[in-house]
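Let me begin by presenting the structure, written as structure tokens, before commenting on it.
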Amino acid sequence: MRKLPPLALTGLSLLAGLIVGALALLAAGYNPFAAYATLIAGVFHAPRDWSFVLIRSTPLVLTGLSVAFAFRTGLFNIGAEGQYIMGALGATLFGVFVPLPAVLHIPLTMLAGILCGAAWGAVAGILKSRWGINEVISTIMLNWIALYINNSVVSVEGFRRPHSEASLQILDSARIDWLGAWKTTPEGLAFRESQPLLNDILRTPANAGILVAIVAVILVAFLLEKTVLGYRLRAVGFNKDAAAFSGIAVPRYVVISMALAGALAGLAGGLQVQGVSREVAKLAAMEGNGFDGIAVALIGFSQPWGVFGAALFYGVLKHGGPKLQPALGIPMEIIQIIMGSVIFFLALPGIWQTLANTWRSWRGNRVRSSR
Amino acid sequence: MADSPALELKGFTKTFGSLVANDNIDLEIRAGEVHALLGENGAGKTTLMNCAYGVYQPDRGTIYRLGKQVTVRSPADALAQGIGMVHQHFMLVDRFTVAENLVLGQEPRRHGVLLDRRKAEEAVLDLGERYGLRVDPRAVIEDLSVGAQQKVEILKALYRGAEILILDEPTAVLTPQEIHDLGKIIRQLCGDGKSVILITHKLKEILSFADRCTVIRKGVKVATLEVSQTDQDELASMMVGRKVQWHLERREFQPGSVVLRVEELWARDYRGLEALKGLSFEVRAGEILAVAGVEGNGQTELLDILCGLKAPTGGRISIDGQPIERPDPGKLRELGFNAIPEDRQRKGLVLEFQVGENLVLDSVHVPPFSQRGLLNLQAIRENAARNIEGYDIRPPNPVALASALSGGNQQKVVIARALANQPRLIVAAQPTRGLDVGAIEFVHRALLNQRDAGCAILLVSFELDEVLELADRILVLYEGRSQGVFDRAEATEDVLGRAMAGAAHA
């Protein structure tokens with residue numbers, strides 16, 4: 001029997017996830033058609049909705065890449081959440097305290113996020129390669145350590161914004177939202193008055209983050225497939241013993257892999273600060289950007305462009321979901337049910353293969369008997 | 001019905017996609033006989049038996065048991081008909097005891113719910129006594145040697161009432177002593193009226209164990225022969241479809257300078273026990289030094305140290321007179337060292353990588369395969385095409401995954417890589433383990449060519465035939481020490497055998 005291509009598998013799983021979501025809605029007494037119609041209408045309603053989808057997808061693309069990259073090299077990075085927090089914190093500190101012209105400030109702030117995330121990832125890598133500590137366990141704990149580091153740094157006088165639970169805001173020179181500072185000046189407001197389409201988009205924190213994320217997707221794909229480093233990382237991921245036997249220094253590549261995965265998640269945190277939040281706040285709980293990256297990586301089959309597509313899909317749901325509450329009174333947790341079901345079905349490729357085989361033989365019999 | 005065969009397969013055909021694994025094969029097994037199925041790697045022997053055992057369903061074919069047609073749709077059906085099978089890869093629960101494994105699925109019970117451990121243990125002892133399969137019923141599987149685990153598998157089949165026992169490559173993982181024991185067990189089973197089907201590609205075993213032999217080549221039955229009326233040459237040429245050369249030509253022994261020198265090497269095994277106790281030897285350019293010995297006398301530790309995977313506790317190693325302080329695989333390769341690992345699937349290959357990618361596993365970082373950190377995919381492809389042709393790797397597809405290749409072809413990939421770039425020194429560990437005669441001839445030819453070209457080769461093998469065929473000098477390793485080094489001319493199976501058993505060198 002012919003094997004199903006991954007894309008078909010993904011498509012079928014997405015469909016099945018939406019059907020399970022519909023059943024859940026039905027069971028709770030809502031009309032699933034109305035709900036999905038609202039969701040789709042909510043996303044395609046106005047230019048600003050498109051902008052929001054991209055804004056919400058940007059960190060997911062990068063945390064998804066982070067998890068996927070580690071996975072391709074044989075590591076399970078549950079720590080994208082903590083690396084994201086460290087990246088956001090590092091970028092904020094640099095954005096607040098190091099005044100530079102924008103042309104330097106923007107990339108260096110990103111770099112600060114990347115480096116902090118990479119360092120946080122490397123910690124797990126070093127723990128694994130030096131002392132054999134499983135990266136799943138260490139990254140989960142590092143997530144909590146990152147959260148409390150964030151909270152205590154945000155509380156430091158001089159960094160904390162007075163009378164708030166958040167930090168100072170980064171300087172305008174580090175911001176990457178389009179026309180960020182200008183759009184609220186009188187001239188900016190006057191210009192927006194005359195351009196309704198642009199105005200609608202500029203009402204959102206539209207920013208350059210998605211472009212950086214696309215560059216990251218291209219770089220990760222290139223790194224994995226076209227470079228010696230990527231080749232060796234994959235070899236270590238598939239078979240450590242054979243890699244070591246062939247002269248590849250396995251422990252070093254474990255650290256490199258975790259550091260690069262951390263760098264991607266850290267970049268996600270940095271871009272979020274530079275493009276959207278402009279600050280970091282005290283966290284009562286994990287925000288989930290890193291954990292959502294695990295879902296995105298799974299749906300994207302750990303392929304860079306697959307991750308990109310999965311992040312966009314999740315971005316659509318994340319933006320459309322909250323619109324269900326005011327319109328139909330449906331709690332937005334339905335989005336989590338759909339995402340969970342999609343992953344569940346993706347994890348069971350056997351089901352689809354069996355169904356496809358049955359379908360083919362059934363169709364084959366029909367064709368034969370009609371002759 | 002006394003004359004009806006114990007088992008008869010008629011017209012068995014099995015295809016996988018476009019591959020015909022079995023093409024209209026007939027097979028007849030008599031009660032009380034040892035019937036060998038002989039064929040190259042991938043000839044379709046195991047597939048045929050998996051069909052008989054109900055693991056696969058044949059496309060066509062009928063099974064007769066004592067003259068009556070039976071249906072076998074699953075291993076459970078097969079067992080109900082008295083057909084049992086021991087697979088090459090054992091199917092035991094590692095953490096369970098022998099007795100627990102024996103009764104798994106057919107447990108004797110107390111009060112309907114409790115496992116009757118005593119009865120299970122008695123069953124192990126009873127069956128063991130009857131067929132000479134003595135195993136401690138309370139031993140945990142993971143603590144047992146491979147040979148003992150195999151006994152448990154055979155016991156399992158007998159416990160389930162097997163009258164016809166299929167053994168798939170039973171000797172592939174056994175030491176010579178264990179092979180000898182297995183032979184006795186098989187004899188005892190046949191004496192009791194049971195039939196044994198032996199899947200193998202080793203001619204010697206057939207000649208010493210089997211009564212009759214059916215040869216299969218590329219899915220087609222070639223013939224069924226009485227073993228007493230045939231010989232090694234006939235079987236080998238039937239199996240590979242051409243005449244096999246048993247003794248390869250070699251250039252006169254002209255050793256050059258010393259390439260590898262090992263002095264007073266000491267090492268501990270994974271349990272912390274002394275495994276090498278002051279081993280010294282040297283390998284010169286243009287010679288093959290074979291390390292012979294029974295498995296477990298320090299070979300693994302020696303190989304791991306030479307490949308840079310383990311640190312010795314004492315001693316010195318030098319290559320071309322240059323001392324190697326702490327051997328690591330990367331540095332060794334820069335000195336012109338290459339190796340064929342013992343376990344090709346674990347250490348030799350990345351199974352998820354393509355053949356072409358595997359062929360550059362140790363050289364991807366140097367030109368032409370990469371420049372400034374970027375892969376040169378063109379050069380990697382060309383290298384793959386060249387090696388696939390030179391080593392006759394099948395299927396001839398550079399982008400096929402290594403996992404899709406048969407064992408023999410996987411080994412060719414490993415060897416092609418190890419012999420690339422004119423190495424100064426090759427360490428070859430069990431280079432023909434699990435290969436059929438055709439492939440063995442090929443590998444031996446390749447190693448001898450390297451020797452003739454002036455490469456120093458250290459061969460570690462448990463097969464005396466291989467040692468005697470290839471070596472210029474033979475070092476016998478016993479309990480971590482050298483029992484003496486023998487020249488090719490003075491080494492005979494007898495002399496080496498005595499040294500391997502620990503007798504002092506006369």
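The values are calculated or read from the model by the stated rules, or taken from the named source; none is laboratory data. Fair warning: this is a prediction, and the values are worked out from it, not measured in the lab. Here the Cβ positions follow ideal geometry from the backbone for every residue, glycine too, while neighbour counts run over all protein chains shown.
A few notes on this one:
- When A:A327 is tested against (1) more than 22 Å from A:V215 (Cβ to Cβ); (2) of a type outside the set (F, W, Y); (3) crowded, with 24+ Cβ neighbours inside 10 Å, only condition (3) is not met.
- Residue match in the stretch A:218-233 (condition: within 12 Å of another protein chain (Cβ to nearest Cβ) and touching an Asp or Glu at 6+ places or on another chain (Cβ under 8 Å)): yes
- Against the numbered list (1) under 24 Å from B:A416 (Cβ atoms); (2) away from chain B (no Cβ under 14 Å), A:A259 comes up short only at (1).
- When the stretch B:141-164 is filtered for residues that are charged (D, E, K, R) and over 20 Å from B:I197 (Cβ atoms), the ones remaining, listed by number, are B:E142, B:D143.
- Those helices (runs of 4 or more DSSP H) of the stretch A:1-112 in which 1 or more residues are under 16 Å from the mean Cα position of the chain (by Cα), closer than 22 Å to A:I337 by Cα and modelled with pLDDT of 95 or more occupy A:47-72, A:80-97.
- Yes/no for B:S318 being surrounded by fewer than 18 Cβ atoms within 10 Å (Cβ to Cβ), more than 11 Å from chain A (Cβ to nearest Cβ) and within 30 Å of the chain's Cα centre (by Cα): no
- Qualifying residue in the stretch B:368-378 (condition: more than 14 Å from every other protein chain (Cβ to nearest Cβ), over 19 Å from A:A243 (Cα atoms) and surrounded by 15 or more Cβ atoms within 10 Å (Cβ to Cβ)): no
- Filtered residue count, the stretch B:336-358, keeping only those that are within 11 Å of chain A (Cβ to nearest Cβ), more than 24 Å from the chain's Cα centre (by Cα) and not aromatic (F, W, Y): 1
- Residue in the stretch B:56-83 that is surrounded by the fewest Cβ atoms within 10 Å (Cβ to Cβ), counting only those that are in contact with an Asp or Glu (Cβ under 8 Å, 6 or more places away or on another chain) and within 25 Å of B:T171 (Cβ to Cβ): B:G82
- Where helices (runs of 4 or more DSSP H) fall entirely within the stretch A:175-241, those with at least 2 residues that are crowded, with 17+ Cβ neighbours inside 10 Å are at A:196-202, A:209-226, A:228-238.
- Sole residue being in contact (Cβ under 8 Å) with a residue 60 or more places away in the chain, touching a Ser or Thr at 6+ places or on another chain (Cβ under 9 Å) and over 26 Å from A:L25 (Cα atoms), chosen from A:F308, A:F313: A:F308
- Residue that is farthest from the chain's Cα centre (by Cα), among those in the stretch B:416-434 that are buried (at least 24 other Cβ atoms within 10 Å of the Cβ) and not in a strand (DSSP E or B): B:R417
- Exactly one residue among B:R251, B:R333 is buried (at least 17 other Cβ atoms within 10 Å of the Cβ) and either more than 14 Å from every other protein chain (Cβ to nearest Cβ) or in a helix (DSSP H, G or I) (or both), and that residue is B:R333.
- Residues of the stretch B:284-324 that are among the aliphatic types (A, V, I, L, M), within 18 Å of B:V258 (Cβ to Cβ) and not in a helix (DSSP H, G or I): B:A285, B:I288, B:L289, B:A290, B:V291, B:I317, B:I319, B:I324.
Results for (1) touching a helix residue (DSSP H, G or I) at 6+ places or on another chain (Cβ under 9 Å); (2) without any contact (Cβ under 8 Å) to a residue 60 or more places away in the chain, shown as yes or no for each residue.
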{"site": "A:E165", "(1), (2)": "yes, no"}
{"site": "A:I170", "(1), (2)": "yes, no"}
{"site": "A:G188", "(1), (2)": "yes, yes"}
{"site": "A:P205", "(1), (2)": "yes, no"}
{"site": "A:G209", "(1), (2)": "yes, no"}
{"site": "A:V215", "(1), (2)": "no, yes"}
{"site": "A:A221", "(1), (2)": "yes, no"}
{"site": "A:K226", "(1), (2)": "yes, yes"}
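- Residue that is nearest to the other protein chains (Cβ to nearest Cβ), among those in the stretch B:379-392 that are among the acidic types (D, E) and part of a helix (DSSP H, G or I): B:E382
- Residue tally, condition of a type outside the set (V, I, T) and free of Cβ contacts under 8 Å to residues at least 24 places away in the same chain, over the stretch A:112-163: 12
- Candidate set: the stretch B:89-107, residues that are under 16 Å from B:A157 (Cα atoms) and either of a type in the set (K, R) or surrounded by fewer than 14 Cβ atoms within 10 Å (Cβ to Cβ) (or both); chosen: the one modelled with the highest pLDDT: B:V93
- Matching residues in the stretch B:429-472 - criterion: being polar (S, T, N, Q) and touching a helix residue (DSSP H, G or I) at 6+ places or on another chain (Cβ under 6 Å): B:T432, B:S461
- Of the candidates A:G350, A:G275, A:G290, the single residue that is at pLDDT below 90, assigned to a helix (DSSP H, G or I) and not polar (S, T, N, Q) is A:G350.
- Taking the listed residues B:R498, B:R433, the one that is out of contact with any Lys or Arg (no Cβ under 7 Å at 6 or more places or on another chain) and within 25 Å of B:I388 (Cα to Cα) is B:R433, with no other qualifying.
- Checking each residue in the stretch B:1-16 for being over 28 Å from the mean Cα position of the chain (by Cα) and under 29 Å from B:P395 (Cα atoms) picks out only B:G11.
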